[in-house]
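A.B. asks: Pasting a structure here, questions to come.
The values are calculated or read from the model by the stated rules, or taken from the named source; none is laboratory data. Since this is a predicted model, take the numbers as computed values, not measurements. Please note: Cβ atoms are built from the backbone with ideal geometry, for glycine as well, and neighbour counts cover all protein chains shown. Note: accessible area is taken over every heavy atom of the protein model, side chains too, but ligands, DNA and RNA are not part of it. Shrake-Rupley method; radii C 1.70, N 1.55, O 1.52, S 1.80 Å.
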Amino acid sequence: PLALGLYTVNAVYGDTITMPCRLEVPDGLMFGKWKYEMPNGSPVFIAFRSSTKKNVQYDDVPDYKDRLSLSENYTLSIKNARISDEKRFVCMLVTEDDVSEEPTIVKVFKQPSQPEILHQADFLETDKLQMLGECIARDSYPEGNVTWYKNGRVLQPVEEVVVINLQKIVDKSTGLFTMTSSLQYMPTKEDANAKFSCIVTYYGPSGQKTIQSEPVVFDVHYPTEKVTIQVLSQSSTIKEGDNITLKCSGNGNPPPQEFLFYIPGEAEGIRSSDTYIMTDVRRNATGEYKCSLTDKSMMDSTTITVHYLDLQLTPSGEVTKQIGEALPVSCTISSSRNATVFWIKDNTRMQTSPSFSSLQYQDAGNYICETTLQEVEGLKKRKTLKLIVEGKPQIRMTKKTNTNKMSKTIVCHVEGFPKPAVQWTVTGSGSIINKAKETKYVNGKFSSKIVIAPEENVTLTCIAENQLERTVTSLNVSAISIPEYDEPEDRNDDNSEKVNDQAKLIVGIVVGLLLAALVAGVVYWLYVKKSKTASKHVDKDLGNIEENKKLEENNHKSET
């Protein structure tokens, strides 16, 4: 490298400076010497080497004591380069006839430390010019320059917005520079999370270089411009009994810590922190809620709907009614939205709502009216009706000769609730028959069955008794030698009702007319024959005409 046409050596601060003597060694060389020139031009000799004796001598120069080394080819080395080594050095080769000189310029460079942003502001306030910090880069040579950046872009000075002041201080003992650049800055709200940094530009042996500081983010304070109210809830809908937390927030930094909450029914705002909690809310909490800053300068509102669901079942609880009675049942719903209602009887969902114009035993059971608001999680109500249908014992007896002709089956069909207890007796002896078999008691009905093989005509009595009444019915049964016309057993023992009430009414009327016609015919026949047949329950258990005729003949024989 050349400086002003002279050979230049660039050295790094603290390293070794190496300066070759750029003269060709002449014939008859006596010795070589190095000197440097003072600012006033006067020379200072520092090293000597004889060409004949091969010895080296160093002059007593304090700045270069123990730092110099002169090689055989007259190359001068200086250890631990300093800023003060920036001089004009001269190599001299001397013969008897001539002195040759060749100057060398030494330049020393020192890279500065990584710049740091010190004395940082605790926070920045919008619309206010304030000291952001100082960028300091130490121990540079030659002096460097400092540039400020925001988000990677250069900050240019702007009056009353960006003010930059650069100071350079030199250490007299070392000759090194320290650069300090202060930045005054007026931030805006958009500077929140902005990254500020500084870069020092300096010169090294190979040219211009830069070092960047670590970026710094400042807390930017700005006033609240908007207030927002929120409803914090575990679900999207609110129902009676829930807790409601209202949260009010402002978009300033730092955010406001206190607010005024306006609750429906309250004339004045309630001062609170950023949250306001209501517990176990009721339907009257439905309405508009507001919050504002404590100076009432800004406000926001929201509407809350507290969903509710009421269910009224009439009647409810345990209800006891008599068979055949009417029972109106109503399930009334009151809700904040359309509710779904359904009925359950004995754990089975019903297709229609229950309605009882004439209660039957099969109507008894546990009824549940249940309703839900499908859009509101967890809002469900139910009430229960336990219906008990009571009835006095009703008895109907049937008889038939079994296919083996060796026995007869007598069945006592019983209805009633509570379940009647059944006993059998034989007229005359009055003894109780304990070998009866009972069918399953379902919907207030069951049957008691006995099988007998009478050697003579007998009268069987069926007694059914519960808490309401004791009912007795008798049936004449001929001796086994006299076959009975088969009477069909009640096919409804399984209590499956396959016809509706209207059909039952029609069948009852028809059966009643037939029975009336039969009774009229029997009375007329008895009147003609002047029979003396006695029976306690002739209207129920009279049998067919042939059986009564045979019984009358047997009675005549007994009298004779």
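A.B. asks: Just checking, how many residues over region 92-118 are touching a Lys or Arg at 6+ places or on another chain (Cβ under 8 Å), open to solvent by 80 Å² or more (accessible area, probe 1.4 Å) and over 16 Å from residue 171 (Cα atoms)?
C.D. replies: Selection size over region 92-118: 0.
A.B. asks: On to the next question. Tell me yes or no: at least one residue of region 201-215 is among the polar types (S, T, N, Q), in contact with a Ser or Thr (Cβ under 6 Å, 6 or more places away or on another chain), closer than 30 Å to residue 144 by Cβ and free of Cβ contacts under 8 Å to residues at least 60 places away in the same chain.
C.D. replies: Checked against the condition, which is being among the polar types (S, T, N, Q), in contact with a Ser or Thr (Cβ under 6 Å, 6 or more places away or on another chain), closer than 30 Å to residue 144 by Cβ and free of Cβ contacts under 8 Å to residues at least 60 places away in the same chain, region 201-215 yields at least one hit.
A.B. asks: On to the next question. Being among the charged types (D, E, K, R) and over 23 Å from residue 208 (Cα atoms) is the filter; apply it to region 139-189 and report the residue that is farthest from the chain's Cα centre (by Cα).
C.D. replies: In this case the residue turns out to be 172.
A.B. asks: Oh, and also: Could you say which residue among 208, 234 is surrounded by fewer than 18 Cβ atoms within 10 Å (Cβ to Cβ) and outside any strand (DSSP E or B)?
C.D. replies: From the options 208, 234, the qualifying one is 234.
A.B. asks: Do you know which residues across region 125-154 are among the hydrophobic types (A, V, I, L, M, F, W, C) and either in contact with a Gly (Cβ under 8 Å, 6 or more places away or on another chain) or modelled with pLDDT under 95 (or both)?
C.D. replies: Within region 125-154, 137 is the sole residue that qualifies.
A.B. asks: Working carefully through the options 349, 282, find the one that is assigned by the TED database to the domain that holds residue 235, in contact with a strand residue (DSSP E or B) (Cβ under 9 Å, 6 or more places away or on another chain), among the basic types (Lys, Arg) and surrounded by fewer than 16 Cβ atoms within 10 Å (Cβ to Cβ).
C.D. replies: Selected residue: 282, the only one of 349, 282 that is assigned by the TED database to the domain that holds residue 235, in contact with a strand residue (DSSP E or B) (Cβ under 9 Å, 6 or more places away or on another chain), among the basic types (Lys, Arg) and surrounded by fewer than 16 Cβ atoms within 10 Å (Cβ to Cβ).
A.B. asks: Give, as residue ranges, the strands (runs of 3 or more DSSP E) completely inside region 6-103 that count at least 2 residues that are in contact (Cβ under 8 Å) with a residue 60 or more places away in the chain.
C.D. replies: Those strands (runs of 3 or more DSSP E) span 6-12, 17-19, 29-37, 76-78, 88-95.
A.B. asks: Please verify whether region 252-262 includes one or more residues that are within 30 Å of residue 190 (Cα to Cα), in contact (Cβ under 8 Å) with a residue 60 or more places away in the chain and not in a strand (DSSP E or B).
C.D. replies: no
A.B. asks: Can you tell me which residue is least open to solvent (accessible area, probe 1.4 Å) among those in region 397-431 that are over 13 Å from residue 476 (Cα atoms) and charged (D, E, K, R)?
C.D. replies: Among residues in region 397-431 that are over 13 Å from residue 476 (Cα atoms) and charged (D, E, K, R), the one least open to solvent (accessible area, probe 1.4 Å) is 415.
A.B. asks: Next question, about the same structure. Being open to solvent by less than 30 Å² (accessible area, probe 1.4 Å) and out of contact with any Cys (no Cβ under 7 Å at 6 or more places or on another chain): is that true of residue 38 here?
C.D. replies: Here the answer is no, as residue 38 does not meet what is asked.
A.B. asks: Can you tell me which residue in region 455-481 is surrounded by the fewest Cβ atoms within 10 Å (Cβ to Cβ), limited to those that are touching a strand residue (DSSP E or B) at 6+ places or on another chain (Cβ under 6 Å) and farther than 15 Å from residue 412 by Cα?
C.D. replies: In this case the residue turns out to be 469.
A.B. asks: Scan region 352-363 for residues that are open to solvent by 10 Å² or more (accessible area, probe 1.4 Å), free of Cβ contacts under 8 Å to residues at least 60 places away in the same chain and under 18 Å from residue 320 (Cβ atoms) and jot them down.
C.D. replies: 354, 356, 363
A.B. asks: Do we find that residue 89 is surrounded by fewer than 18 Cβ atoms within 10 Å (Cβ to Cβ) and in contact with a strand residue (DSSP E or B) (Cβ under 8 Å, 6 or more places away or on another chain) in this structure?
C.D. replies: When the stated conditions are applied, residue 89 does not pass them.
A.B. asks: What are the residue pairs meeting all of these: first residue in region 433-453, first residue more than 16 Å from residue 396 (Cα to Cα), second residue open to solvent by 30 Å² or more (accessible area, probe 1.4 Å) and among the polar types (S, T, N, Q), Cβ atoms under 6 Å, and 6 or more apart or on different chains?
C.D. replies: Here the result reads 443/362, each pair linking region 433-453 to a residue that is open to solvent by 30 Å² or more (accessible area, probe 1.4 Å) and among the polar types (S, T, N, Q).
A.B. asks: Here is a follow-up. Looking only at region 221-236, count every residue that is touching a strand residue (DSSP E or B) at 6+ places or on another chain (Cβ under 7 Å) and small (Gly, Ala, Ser) and tell me the total.
C.D. replies: Final tally of qualifying residues: 1.
A.B. asks: Residues being open to solvent by 30 Å² or more (accessible area, probe 1.4 Å) and touching a strand residue (DSSP E or B) at 6+ places or on another chain (Cβ under 7 Å): count how many of those fall in region 237-255.
C.D. replies: 9
A.B. asks: Does residue 186 qualify as being open to solvent by less than 90 Å² (accessible area, probe 1.4 Å), assigned by the TED database to the domain that holds residue 140, in contact (Cβ under 8 Å) with a residue 12 or more places away in the chain and under 18 Å from residue 138 (Cβ atoms)?
C.D. replies: Here the answer is no, as residue 186 does not meet what is asked.
A.B. asks: Report those strands (runs of 3 or more DSSP E) wholly inside region 291-391 carrying at least 2 residues which are under 34 Å from the mean Cα position of the chain (by Cα) and within 30 Å of residue 265 (Cβ to Cβ).
C.D. replies: Once the strands (runs of 3 or more DSSP E) in region 291-391 are filtered for at least 2 residues that are under 34 Å from the mean Cα position of the chain (by Cα) and within 30 Å of residue 265 (Cβ to Cβ), what remains is 299-304, 309-314, 330-335, 365-372.
A.B. asks: What pairs can you find where one residue is in region 364-381 and open to solvent by 10 Å² or more (accessible area, probe 1.4 Å), the other is of a type in the set (Asp, Glu) and outside any strand (DSSP E or B), and their Cβ atoms are less than 7 Å apart, with a gap of 6+ or different chains?
C.D. replies: Note: pairs meeting the criteria are 365/346; 366/346.
A.B. asks: Can you tell me which residue among 306, 341, 329, 319 is without any contact (Cβ under 8 Å) to a residue 40 or more places away in the chain and surrounded by 12 or more Cβ atoms within 10 Å (Cβ to Cβ)?
C.D. replies: None of the others qualify; the one that does is 341.
Residue-wise test of (1) over 16 Å from residue 201 (Cα atoms); (2) among the hydrophobic types (A, V, I, L, M, F, W, C); (3) exposed (fewer than 12 other Cβ atoms within 10 Å of the Cβ).
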site: 120; (1), (2), (3): yes, no, no
site: 145; (1), (2), (3): no, no, no
site: 153; (1), (2), (3): no, no, yes
site: 160; (1), (2), (3): yes, no, yes
site: 171; (1), (2), (3): yes, no, no
